[in-house]
Amino acid sequence: MKVEQRPTESKPRGTLSDKPALLRLYREMLLVRRFEEKTAEMYQAAKIGGFCHLNIGEEATIVGTISSLRPDDYVYSTYREHGHAIAKGIEPNAVMAELFGKETGTSRGRGGSMHLFSQEHRFYGGYAIVGQALPIACGTGYAINYQEKDEVVMSIFGDGATNIGAFHESLNVAKLWRLPIVFVCVNNLYGMGTAVNRASAVTEIWKKACAYDMTGERVDGMDVLAVRRITDQLVEQAREKHEPSLLECVTYRYRGHSMSDPDTYRGKDEIKEWQGRDPILTLGEHLKQQKLLTDQEIQKIDEDVTAEVEAAVKFAEESPEPEPKDLYRDVYADQGAA
Amino acid sequence: MPVLTMRDALNQALREEMKRDESVFLLGEDIGLYDGSFKVTRGLWKEFGEKRVLDTPIAEEIIIGTAIGAAMSGLRPVAEMMTVNFIMVAMDQVVNAAAHIRYMFGGGTKVPLVIRTPGGGGHQLGAQHSHSHENWFAHVPGLKVVAPGTPADAKGMLKSAIRDDNPVMFVENEGTYAVKGEVPDGEHLVPLDKNDVKRSGDDITICAHSRMLIVAMDAAAELEKGGISAEVVDMRALRPLDMAPVIESVKKTSRLITVEEGWRSYGVGAEIASRVYEEAFDYLDAPVARIGAAEVPAPYNKRLEKIAFPGKADVVVTARAMLGKN
Ligand SMILES: Cc1ncc(C[n+]2csc(CCOP(=O)(O)OP(=O)(O)O)c2C)c(N)n1
Ligand SMILES: [Mg+2]
């Protein structure tokens, strides 16, 4: 499948031609891939409970967008956010421990797969109600302006979320109040089993920005360099000019909606076709052509990230469960039980 | 002590807190240039400017959501829901987000926000504009819920709510904004978790909050003429629910009436009654009587509406019947 990209002027950046930065993008994507493969395995081994939504296939979109941010910029995400949390700098240990429900997890085991959070990394949470986090992201945008800071908020959500009211309310005020937000729509072509064209009157989601006189862009979400280039521009625009934007990244999830989805609504050929455009293989080939990476180095990176994921599992396994006496902890900020 | 209306007491609390703390800001529909639909925010937009008194579009999810995000990012927002009826559009933000964020993120953040919203019926506004939802909010762990019934408490509790680190539902009532009372000047703080005996008596206890507190006080005055001494407990702190003054009072009077403006089923009175049964059953001489709105969507017709909402006569008749004095 060919993704029609908007013919936007985008100037390549220094950062994208330097080797360490390119290798970092490659490594991050592979880390997310290996982490999610292990997550699926651990889910099947019943180490992880509840709903579990994987990022496999979406790595270029995740890493291409989030790597553009500074550590003090904010990310708001959804229930499909393991990779987003890792890309924002949260240790795989803490993410895996959260999936295992352990006290050492990002949310002390109180949140689980859908509710990762880290104040320190300004990863402002995984939210499990479709569209819910966009208005909250606007609040952080408002606070940034209020405190006269130069931080940026990235609000990430799926294609399905662009049909709910909160999406439209949020784009409206982001533009009206000039909030420093980049809205990132991960268009993986489906909301559960419903294809975009069966749910949205407008299938090119970037066009929804037009209703709010906002910059709208569409990018091939399987091409990490293209994603990164356009995101750099939109982040800069948010930071310097307080101009929000909507970025549609067209991508694909190779696995079902969640671990419990038998995946009956789409053809095997379609999945194969998208796997043929795998973001990690594509970047690997590109870097080899550019003589920036060898097969041996690729092998080495894979071993490194695999070891990191194994270590995360070990850490999660060995971490303590929350104590029953702490059931009521943190219902209120002053700890008092109601 | 100065005498103020409830409206002006609330206004004073907002002004004082905004002066005290730069991070306090207000947002809501028509609260700025228009001065607020009930004029609670009168003059604040002029005084503090549009950054700190933010007029929003008619988008309730944005109002609450923006307040939550700002609260997580270092500010202390006070959101106004024009009336409680409109909050249903934003209940996801109130319950799924504001109330749960701290817990589901393992205590990693806090949400210091106040949602002010008037409710109540009796103004011929029909089914969609006459709700009382404090029991909905009070059902939810993670929220604090208060509903003051006097101007002094309104000021003192609003100031405390703004300083609290949790999401506080601050329930006002359209029918009480013009009610007057003495209000202490300046720093006057009323705790969010203490209910209060507003009138002492020996024969019967009446629990009520918000506008129904006024109804209960009027009823107690009427009962006194017939030789019945009623104790009135103001249930201004609904969550956490401070039962201590009620239990103490029931141990003295052995009879309890609860009064609320919303429907009785699954209501505030139901909660109070069951806690009294758990903690003071042996002291009761009669079952707890619950007074609330008729279980119908609020009718427009004045005559029907009058029957549908509880009033002084309902309390008086119920109290006399409980004491065998009818
Ligand atoms: C308001 C709401 N309605 C329904 C659901 C159930 N649900 C969870 S994810 C999902 C699909 C969302 O699709 P999309 O926004 O495209 O994100 P994706 O899962 O593809 O990443 C649905 C319907 C929900 N969580 N919240
Ligand atoms: Mg989708």
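Every test in (1) closer than 26 Å to B:Gly181 by Cα; (2) free of Cβ contacts under 8 Å to residues at least 24 places away in the same chain; (3) assigned to a helix (DSSP H, G or I) is passed by B:Asp35 save one, and that test is (3).
Within the set B:Gly108, B:Gly175, the sole residue that is part of a loop (DSSP other than H, G, I, E, B) and more than 14 Å from every other protein chain (Cβ to nearest Cβ) turns out to be B:Gly175. The C-beta contact set for the range A:312-336 (first residue among the β-branched types (Val, Ile, Thr), second residue modelled with pLDDT of 95 or more, distance under 7 angstrom, 6+ apart or interchain) comprises A:Val313/A:Lys38; A:Val313/A:Met42; A:Val313/A:Met96; A:Val331/B:Tyr103; A:Val331/B:Pro141; A:Val331/B:Gly142. The condition of being crowded, with 18+ Cβ neighbours inside 10 Å and closer than 19 Å to B:Asp202 by Cβ does not hold for B:Ala308. Within the range A:169-199, the residues that satisfy the criterion of being buried (at least 24 other Cβ atoms within 10 Å of the Cβ), farther than 10 Å from A:Asp159 by Cα and either within 12 Å of ligand 2 (Cβ to nearest atom) or small (Gly, Ala, Ser) (or both) are A:Ser170, A:Ala174. When you scan the range B:165-172, do you find a residue that is surrounded by fewer than 21 Cβ atoms within 10 Å (Cβ to Cβ) and under 27 Å from A:Tyr328 (Cα atoms), even just one? Yes; the residues of the range B:165-172 include at least one that is surrounded by fewer than 21 Cβ atoms within 10 Å (Cβ to Cβ) and under 27 Å from A:Tyr328 (Cα atoms). If the condition is being more than 21 Å from the chain's Cα centre (by Cα), more than 16 Å from ligand 1 (Cβ to nearest atom) and not hydrophobic (A, V, I, L, M, F, W, C), then the range A:170-206 contributes A:Asn172, A:Lys175, A:Arg178. Annotation: A:Met222 fulfils all but one of (1) over 22 Å from A:Gly131 (Cα atoms); (2) in contact with a His (Cβ under 9 Å, 6 or more places away or on another chain); (3) within 16 Å of ligand 2 (Cβ to nearest atom); the unmet one is (2). Considering the range B:276-316 alone, what residues qualify as being part of a helix (DSSP H, G or I), of a type in the set (Asp, Glu) and more than 21 Å from B:Ser132 (Cβ to Cβ)? Result: B:Glu278, B:Glu279, B:Asp282.
Regarding B:Glu134, is this residue in contact (Cβ under 8 Å) with a residue 12 or more places away in the chain and over 13 Å from the mean Cα position of the chain (by Cα)? No, not satisfied. Residues in the range A:110-148 that are more than 18 Å from the chain's Cα centre (by Cα), assigned to a loop (DSSP other than H, G, I, E, B) and either touching a residue at least 12 places away in the same chain (Cβ under 8 Å) or at the interface with another protein chain (Cβ under 9 Å from one of its Cβ atoms) (or both): A:Arg110, A:Gln147.
The values are calculated or read from the model by the stated rules, or taken from the named source; none is laboratory data. What you see is a predicted model, and the numbers here were worked out from it, not measured in a lab. Cβ: placed from backbone, ideal geometry, glycine included. Neighbour counts: every protein chain shown.
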